[in-house]
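Inspection log for the structure reproduced underneath, given as structure tokens.
The values are calculated or read from the model by the stated rules, or taken from the named source; none is laboratory data. Keep in mind the model is a prediction, meaning the values are calculated, not measured. Neighbour counts run over all protein chains shown; Cβ positions are idealised from the backbone, glycine included. Just the protein is used for accessible areas: all its heavy atoms, side chains included, with ligands, DNA and RNA removed. Shrake-Rupley method; radii C 1.70, N 1.55, O 1.52, S 1.80 Å.
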Amino acid sequence: MSNTSNTLKIHTFTCAWCGLTVTRNAADDSVRNHCPSCLHSRHVTDHVEGGPSDCEGRMTPIAIAVLRTGDWMLVHRCVRCDELTSNPVCADDNQLMLMRMAVRPLAQPPFPLEALGSL
Amino acid sequence: MPRRTRRDEAHHQRRKEVLHAAGGHRANDFRCVGCRLTVSVRAPGTAHRNHCPNCLASLHVDRRIPGDRDSACRGRMEAVAIFARQDGEWMIVHQCLSCDELSTNRIAGDDNVLALMQLALKPLQDTERASRTLLAL
Ligand SMILES: [Zn+2]
Ligand SMILES: [Zn+2]
Ligand SMILES: [Zn+2]
Ligand SMILES: [Zn+2]
């Protein structure tokens, strides 16, 4: 009984935002660090010192960064300590959520888009 | 480039305490690591300019707080993404090419509109992904 729950803990995590039980290994054999449904994550590694972080704060997805290879990276910010991380998106991540993040800045451009009309 | 009034108001709302000393008028100029432009640290809308208004590149000098100048890295930081804050203000995500460190910075009133727009549109250049998303709708 306790063996089963331990095994579950090693192979899965509970999403800090939507509560989904997520398997750590994605279909493409990569290790998942964020929820494939709502894209939220948890601050568990300290990237400056390396190794585990004791923050454990929830990390909100804030931006999509595109690598030179064309691959998408998901940028997270910890709501507790403001730490920023960037991780590859997984093949089975919620595509609608990803696209929603990608277009969000375009809904509120800081300049009138007509300004670009004369290109 | 004309700006919306709402944005102008937002830009004038507060002056942050800045950590750099107010030296002579040339003392605070810097040369951009990306495009070699000579840039004044005084920027409309921000108390502390941390990126080039032309190519948006920056230098890895701050450690934790913007303006603390506490990092020994000095690597070149590239603008890798745009995101909108809750209040709609655009922020640039910078990543250091030397150590991978990330930072977020407010845009300035005189940032290159084309460069900002290109950055914001980058994820949408992948038309295959956009098509797949449309199919999923
Ligand atoms: Zn979730
Ligand atoms: Zn944290
Ligand atoms: Zn430049
Ligand atoms: Zn660096």
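Whenever a residue of region A:80-104 is closer than 13 Å to B:Leu134 by Cα, its partners that are open to solvent by 40 Å² or more (accessible area, probe 1.4 Å), lying with C-beta atoms within less than 8 angstrom and at least six residues away or across chains, give the pairs A:Asn94/A:Ser37; A:Gln95/B:Arg132; A:Gln95/B:Ala136; A:Leu96/B:Ala136; A:Leu96/B:Leu137; A:Met97/A:Ser37.
Scanning region B:84-93 for residues that are more than 17 Å from A:Pro61 (Cβ to Cβ) and open to solvent by 20 Å² or more (accessible area, probe 1.4 Å) gives a single hit, B:Asp87.
Considered as a group, the residues in region B:55-83 that are crowded, with 21+ Cβ neighbours inside 10 Å and among the small types (Gly, Ala, Ser) include one that is farthest from B:Asp29 (Cα to Cα), and that residue is B:Ala81. Taking the numbered list (1) in contact with a strand residue (DSSP E or B) (Cβ under 9 Å, 6 or more places away or on another chain); (2) among the hydrophobic types (A, V, I, L, M, F, W, C); (3) free of Cβ contacts under 8 Å to residues at least 40 places away in the same chain in turn, A:Ile10 passes all entries but (1). Of all the residues in region A:88-113, those that are surrounded by fewer than 19 Cβ atoms within 10 Å (Cβ to Cβ), under 18 Å from B:Ala79 (Cα atoms) and not basic (Lys, Arg) number 3. Consider A:Arg58 carefully, then state whether it is open to solvent by 20 Å² or more (accessible area, probe 1.4 Å), touching an Asp or Glu at 6+ places or on another chain (Cβ under 9 Å), within 16 Å of ligand 2 (Cβ to nearest atom) and modelled with pLDDT of 95 or more. No, not satisfied. Please indicate, with yes or no, whether at least one residue in region A:68-84 is of a type in the set (Lys, Arg) and more than 8 Å from chain B (Cβ to nearest Cβ). Yes, region A:68-84 has at least one match.
Among the residues of region A:75-84, are any buried (at least 17 other Cβ atoms within 10 Å of the Cβ) and charged (D, E, K, R)? Scanning region A:75-84, I find at least one residue that is buried (at least 17 other Cβ atoms within 10 Å of the Cβ) and charged (D, E, K, R), so the answer is yes.
Only one of the listed residues (B:Arg64, B:Arg69) is more than 25 Å from B:Pro123 (Cα to Cα), within 16 Å of ligand 2 (Cβ to nearest atom) and over 12 Å from the mean Cα position of the chain (by Cα). That residue is B:Arg64. Residue-level check: of (1) at pLDDT 95 or above; (2) of a type outside the set (S, T, N, Q); (3) assigned to a strand (DSSP E or B), A:Pro36 misses just (3).
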